[in-house]
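Enquirer: Right, I'll just put the structure down here and ask away after.
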Amino acid sequence: MDINNILSSLEAKHPGESEYLQAVREVLLSIEEVYNEHPEFEKNRIIERLVEPDRIFMFKVPWTDDKGDVQVNIGYRVQFNNAIGPYKGGLRFHPSVNLSIMKFLGFEQTFKNALTTLPMGGAKGGSDFNPKGKSEKEIMRFCQAFMLELWRNIGPDTDVPAGDIGVGTREVGYLYGMYKKLARENTGSFTGKGLEYGGSLIRPEATGFGGLYFVKEMLAQKGESIEGKTIAISGFGNVAWGAALKATEFGGKVVTISGPDGYIYDPDGISGDKIEYMLELRMSGEDIVAPYADEFPGAKFYEGKRPWEQKVDIALPCATQNELGEEDAKILIENGVLCVAEISNMGCTEEAIKLLIDNEVLYAPGKAVNAGGVATSGLEMTQNAMHIQWTAKEVDEKLQQIMTSIHEQCVKHGTQSNGYINYVKGANIAGFMKVAKATLSQGII
Ligand code: 2IT
């Protein structure tokens, strides 16, 4: 495989799609060796076939705001790959959403879903709609307008969307409600649904919980545990919430959360009511964390800064892509960080990852660490197909088994001769091999 050739041809075909090219580059660099050991891959152009999405839907979403003015947004659904199961992945509503971000997320999702051990292909979608400051009715009308276009392209065995940034249980309710009305079926073509209409217990917590189960395994490799460790979390949404809950339960002390306005440092630890307060902040729809410092004296708000400047044992990016850069990694390393685990998708920049790995910090990428979210979506699909509901304990046990299995796959494929585990390599090779073999078996389609 000539990586440079493949990348430069992709760059020429998709100029300016920086996040997508970044995600592809990371995977290609880490699978090169294994790929070259399998001449049948090269012969069948497996890489060329896996880096391009199967298809992309891009559509106009016109809707009416509360003032009666017409608004127009762009909607996307990237059906990336269905070699191992129906397309599966979340919808993101955020003003930064563009084709490059949708494609990077769909690409990552394909390998992440392969790692979960469940039969799910990869997809992603969303819109540049900005939920900030929108009324409940505006959110509903937008979701309905979005689904009016998308519904023909999804279905329980075709493509099963879920939430991502800006899309939580409320939005899934409006989206799924409209889907059902149009498709006239109730078979669960969505995950992250409310508990009353086919949702799964533990799904809201799953991304954060799964992330901490993974971190627990990472630390255990070094004879360490989460107990007594200080932890920096970024973000203050659903993922940060689940991560803070489980980190606290494991005896860790979460000292930061963050938003687009800056970050909160709370040396007393963000636990109990403070974790619930995060959700209140989120529900306010203002997208700011500053009010936390007024609510809880002892906490300090740092405007326009990132939490990685605080000295901590464990850093958990839980917000968005490229939210931890080279400078941040440098400070974390200087401060003796033990573990950096991405619970957000592609949370670290390429330069930050290189620095962390060169310094042999325990580092793991989002497609392994945050796979518990989509894995539990897979468990929601199973429950819907069986028309039953598992208990929280049943779902949580399955989630733990899946995270342990993902960790084992990373160790198997990522352990270097000096004993250091390169989780990027491990996750990419394990995910890639599964999708590549499935693709090979099914012919040129
Ligand atoms: O990035 C992700 O894995 C998600 N947003 C969850 C996707 C899903 O289908 O549950």
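Enquirer: Looking only at region 56-92, how many residues end up being surrounded by fewer than 16 Cβ atoms within 10 Å (Cβ to Cβ) and not in a strand (DSSP E or B)?
Expert: Residues that pass the stated criteria total 5.
Enquirer: Given the criterion part of a helix (DSSP H, G or I) and buried (at least 17 other Cβ atoms within 10 Å of the Cβ), identify the matching residue among G211, G192.
Expert: Result: G211 is the single residue among G211, G192 that is part of a helix (DSSP H, G or I) and buried (at least 17 other Cβ atoms within 10 Å of the Cβ).
Enquirer: Residue under question is K300, and the condition is that it be buried (at least 20 other Cβ atoms within 10 Å of the Cβ), basic (K, R) and modelled with pLDDT of 95 or more; does it hold?
Expert: no
Enquirer: Of (1) among the polar types (S, T, N, Q); (2) more than 16 Å from the ligand (Cβ to nearest atom); (3) within 14 Å of G192 (Cα to Cα), T349 satisfies all except one. Which?
Expert: Status for T349: all satisfied but (3).
Enquirer: Now for a separate question. Residues in region 37-50: is at least one in a helix (DSSP H, G or I), in contact (Cβ under 8 Å) with a residue 24 or more places away in the chain and within 16 Å of the ligand (Cβ to nearest atom)?
Expert: Within region 37-50, not a single residue is in a helix (DSSP H, G or I), in contact (Cβ under 8 Å) with a residue 24 or more places away in the chain and within 16 Å of the ligand (Cβ to nearest atom).
Enquirer: Right, here's the next one. For region 152-169, enumerate the residues that are within 16 Å of the ligand (Cβ to nearest atom) and assigned to a helix (DSSP H, G or I).
Expert: If the condition is that a residue be within 16 Å of the ligand (Cβ to nearest atom) and assigned to a helix (DSSP H, G or I), then N153, T169 are the ones that fit.
Enquirer: Can you go through V340, V312 and tell me which one is touching a Pro at 6+ places or on another chain (Cβ under 9 Å) and either within 28 Å of Q109 (Cα to Cα) or crowded, with 18+ Cβ neighbours inside 10 Å (or both)?
Expert: V340
Enquirer: Here's a follow-up. Scan P15, P53, P131 and give me the residue that is without any contact (Cβ under 8 Å) to a residue 12 or more places away in the chain and either surrounded by 15 or more Cβ atoms within 10 Å (Cβ to Cβ) or not in a helix (DSSP H, G or I) (or both).
Expert: P15
Enquirer: Could you list all residues from region 340-359 that are touching a residue at least 24 places away in the same chain (Cβ under 8 Å) and of a type in the set (D, E)?
Expert: E342, E350, E351
Enquirer: In this structure, does K124 turn out to be modelled with pLDDT of 95 or more and crowded, with 17+ Cβ neighbours inside 10 Å? Working first, answer last.
Expert: Numbers: modelled with pLDDT of 95 or more: yes; crowded, with 17+ Cβ neighbours inside 10 Å: yes.
Considered against the rule, which asks whether it is modelled with pLDDT of 95 or more and crowded, with 17+ Cβ neighbours inside 10 Å, K124 comes out as yes.
Enquirer: Could you list all residues from region 150-170 that are surrounded by fewer than 21 Cβ atoms within 10 Å (Cβ to Cβ) and either farther than 22 Å from P62 by Cβ or under 17 Å from the mean Cα position of the chain (by Cα) (or both)?
Expert: The answer is G155, P156, D157, T158, G168, T169.
Enquirer: Just to be sure before I move on: is G304 over 22 Å from the mean Cα position of the chain (by Cα) and more than 15 Å from A247 (Cβ to Cβ) in the structure I sent?
Expert: Numbers: over 22 Å from the mean Cα position of the chain (by Cα): yes; more than 15 Å from A247 (Cβ to Cβ): yes.
So G304 fits the description; yes.
Enquirer: Out of the residues in region 67-119 that are among the small types (G, A, S) and within 13 Å of the ligand (Cβ to nearest atom), which is nearest to Q400 (Cα to Cα)?
Expert: A114
Enquirer: I've got another one for you. Go through region 120-151 and give me each residue that's on the phi > 0 side of the Ramachandran plot and within 14 Å of the ligand (Cβ to nearest atom).
Expert: Here is the first cut: in region 120-151, the ones on the phi > 0 side of the Ramachandran plot are 126, 133.
Within region 120-151, G126 is the sole residue that qualifies.
Enquirer: So is Q409 polar (S, T, N, Q), within 22 Å of A244 (Cβ to Cβ) and either without any contact (Cβ under 8 Å) to a residue 12 or more places away in the chain or more than 13 Å from the ligand (Cβ to nearest atom) (or both) or not?
Expert: When the stated conditions are applied, Q409 does not pass them.
Enquirer: Here is a check on your reading of the model: is L10 closer than 20 Å to N345 by Cβ and either of a type in the set (S, T, Y) or surrounded by fewer than 16 Cβ atoms within 10 Å (Cβ to Cβ) (or both)?
Expert: So L10 does not fit the description; no.
Enquirer: Which one is nearest to P267 (Cα to Cα) among residues in region 214-236 that are in contact with a Cys (Cβ under 8 Å, 6 or more places away or on another chain) and buried (at least 23 other Cβ atoms within 10 Å of the Cβ)?
Expert: I233
Enquirer: In addition: Can you tell me how many residues in region 422-445 are crowded, with 21+ Cβ neighbours inside 10 Å and closer than 24 Å to C339 by Cβ?
Expert: Adding up the residues that qualify gives 9.
Enquirer: For E224, state whether it is more than 16 Å from the ligand (Cβ to nearest atom), assigned to a loop (DSSP other than H, G, I, E, B) and not basic (K, R).
Expert: yes
Enquirer: Suppose the filter is part of a strand (DSSP E or B) and at pLDDT 95 or above; does V172 pass it?
Expert: When the stated conditions are applied, V172 does not pass them.
Enquirer: Give I388, I445 a once-over and let me know the one that is at pLDDT below 95 and more than 16 Å from the ligand (Cβ to nearest atom). Even if it seems obvious, please write down each step before you answer.
Expert: Numbers: I388 fails: at pLDDT below 95.
Within the list I388, I445, the selection yields I445.
Enquirer: What is the residue count in region 124-136 for residues that are over 12 Å from the mean Cα position of the chain (by Cα) and within 20 Å of S18 (Cα to Cα)?
Expert: So the answer is 4.
Enquirer: Does any residue in region 281-301 that is within 14 Å of G168 (Cβ to Cβ) come within less than 7 Å, Cβ to Cβ, of a residue that is in a helix (DSSP H, G or I) six or more places away or on a different chain, and which pairs are these?
Expert: L281/P291; L281/Y292
Enquirer: Please go through (1) within 21 Å of the chain's Cα centre (by Cα); (2) within 22 Å of G242 (Cα to Cα) for D328 and return the number of the only condition it doesn't satisfy.
Expert: Single failed check for D328: (2).
Enquirer: For residues in region 357-376 being away from the ligand (no atom under 14 Å from the Cβ) and crowded, with 24+ Cβ neighbours inside 10 Å, which is farthest from Y87 (Cα to Cα)?
Expert: Y363
The values are calculated or read from the model by the stated rules, or taken from the named source; none is laboratory data. The shown structure was predicted, so the numbers you read here are calculated from the model rather than taken from an experiment. So basically every Cβ, Gly included, is an ideal-geometry build from the backbone, and we count neighbours across all protein chains shown.
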